[in-house]
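Visitor: Here's a structure for you.
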Amino acid sequence: MRQYSLTPQEEKNYCVPSCLQAILRNYNIEETQREIFQQLTPTEKGVLIFDDKFKNLLSKFEFNYDFFCIIRRHLMNLIFY
């Protein structure tokens, strides 16, 4: 059975850094959540995941990244009509 280690958030707004840290550890790449956070664009609730900083961070570790968003039809109606 494969063993997994938990990667809890070290700070309230480190959700994305903790997820990225867990993914990187799976590839034997050690990066602290703070180091990850400092390379991203901060927001009130965390970090942006759809800007160049996020893409550049993943590229640094030779990961490909494309962001896409699906908006529910009724929300699109509110936006476009």
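The values are calculated or read from the model by the stated rules, or taken from the named source; none is laboratory data. All figures in this text were calculated on a predicted structure; none of them were measured in a lab. All Cβ positions, even for glycine, are placed from backbone atoms using ideal geometry, and neighbour counts span all protein chains on display.
Visitor: What are the residues in the stretch 26-52 that are surrounded by 14 or more Cβ atoms within 10 Å (Cβ to Cβ) and not in a loop (DSSP other than H, G, I, E, B), if any?
Guide: Listed by number, the residues that qualify are Q33, I36, F37, V47.
Visitor: I've got another one for you. Identify all residues within the stretch 22-49 that are of a type in the set (S, T, N, Q) and within 21 Å of D66 (Cβ to Cβ); write none if there are none. I'd like the intermediate steps shown before the answer.
Guide: Here is the first cut: in the stretch 22-49, the residues of a type in the set (S, T, N, Q) are 26, 28, 32-33, 38-39, 41, 43.
If the condition is that a residue be of a type in the set (S, T, N, Q) and within 21 Å of D66 (Cβ to Cβ), then N26, Q39, T41, T43 are the ones that fit.
Visitor: Filter the stretch 6-25 down to the residues that are over 15 Å from I49 (Cβ atoms) and not aliphatic (A, V, I, L, M), then identify the one that is modelled with the lowest pLDDT.
Guide: So, considering only residues that are over 15 Å from I49 (Cβ atoms) and not aliphatic (A, V, I, L, M), the one modelled with the lowest pLDDT is T7.
Visitor: If you go through the stretch 45-71 one residue at a time, how many are touching a residue at least 24 places away in the same chain (Cβ under 8 Å) and over 27 Å from S5 (Cβ atoms)?
Guide: Here the count works out to 0.
Visitor: For the stretch 40-62, give me each residue that is among the charged types (D, E, K, R) and under 13 Å from the mean Cα position of the chain (by Cα).
Guide: Answer for the stretch 40-62, where residues must be among the charged types (D, E, K, R) and under 13 Å from the mean Cα position of the chain (by Cα): K45, D51, D52, K53, K55.
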